[in-house]
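Worksheet for the structure shown next.
Values quoted throughout were computed directly from the atomic coordinates according to the rules given, and no laboratory measurement underlies them. All of these numbers come straight from a predicted model, not from anything done at the bench. Quick reminder, even Gly has a Cβ in these numbers, built from the backbone with ideal geometry, and neighbours come from all protein chains shown.
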């Protein structure tokens, strides 16, 4: 698709999702887009934002809006980070590098997934900009240590430990599509793939797509690596393991996958530097609260001692404002930047971040807020006509904090 053509159609994140759906084979799109079980949590992540409304004060006057935010001693131009997403290189050759470069150009952080198709060291050598690394607590703690040491040696500024992946969630779209990594094209999917001409063309020489951070001399192909990684997840991981990782990682350490206020408070006590309120984009345990619903309880639990970030369902600049008003320091996006990547590589991811920036600035201007710091709970209204903070979910979150 010519640059002028796709850009003319890319006015919103939703537009880029539609474009990505057309550009990718169905099984590849569904792998990125789908969730676990009945996908109720996936849908709720987005729908819950619609229950929160903005209460503007336009006569405050906002001749300029400051969209920047400070995080772990670094000033970011935008409170939207690119969250960790595995196998981005299946959508675009070296997709992780393309996304990281777009993030650097936008003045924000790229969080590399453990399951990237570009190695930790490769990205560091070819990317200039703030970058974090995401890892798991593996059965083999030596592998966890090795990942952390590689990230430290390559200059990654923060380590993100994802904690909601003790076992893999069941993503039924993938099962129905017969999806494998890399995609194996059977007779039923051949026509679907043939419709994705641009994807086929750009991926024609990328038969070596693999989990680059796990590849070794005896284990390089993606099928054996996929089976190997599946055996590494540890449902027995505990707070003692977090304390151990805290002891060997010198930089900021964040926990991703926190929903319960008790866990947030325990994170503070364990010396963790930040928490990310997340339900894994609805891809792990279905029927858990939307991330934005869980956010107030977590913010109350940490009581300003460490920054709280959030991911899940953030599709508009207005969603970013709502999350920040509820106490989040910044937001991470996963699927949206993959949709941009699938459409146009680095330029597509750059367009996604540009959309968030433009929408965020417009919301602040129309709301009468001269910057991120000016937005608080007073900027919010519960759909149905009640001030935000009086709702059932906030009361439940506060009760959880008191009970813990």
Taking all pairs of distinct alpha-carbon atoms in the range 1-159, Kirkwood radius in angstrom = 18.5 Å
Grab the eigenvalues of the alpha-carbon gyration tensor for the range 33-107, scale each by 5, take roots, and send me the semi-axes largest first in whole angstrom.
-> 29, 24, 10
Residue 268 paired with residue 377, simple spin-label distance in nm, labels 7 Å along Cα-to-beta-carbon | 1.5 nm
How many nm separate the modelled label positions at residue 60 and residue 126, each set 7 Å beyond the Cα in the direction of the Cβ?
-> 4.3 nm
For the chain, just the Cα set please: Rg and Dmax, both in angstrom.
-> 20.5, 66
Give me the percent of DSSP beta bridges within the chain that run antiparallel, rounded to the nearest 5.
-> 25 percent
Would you please give the FRET efficiency between residue 244 and residue 167, computed as 1/(1 + (r/R0)^6) with r the Cβ-Cβ distance and R0 = 25 Å, to the nearest 0.05?
-> 0.70
Looking at the range 213-339 from every direction and averaging, what is the projected area of its Cα convex hull in nm²?
-> 9.8 nm²
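Give the calculated FRET efficiency between residue 303 and residue 204 to the nearest 0.05, with a Förster radius of 56 Å applied to their Cβ-Cβ distance. Walk me through the intermediate numbers first.
Details: r = 54 Å, r/R0 = 0.96.
Once rounded, the FRET efficiency stands at 0.55.
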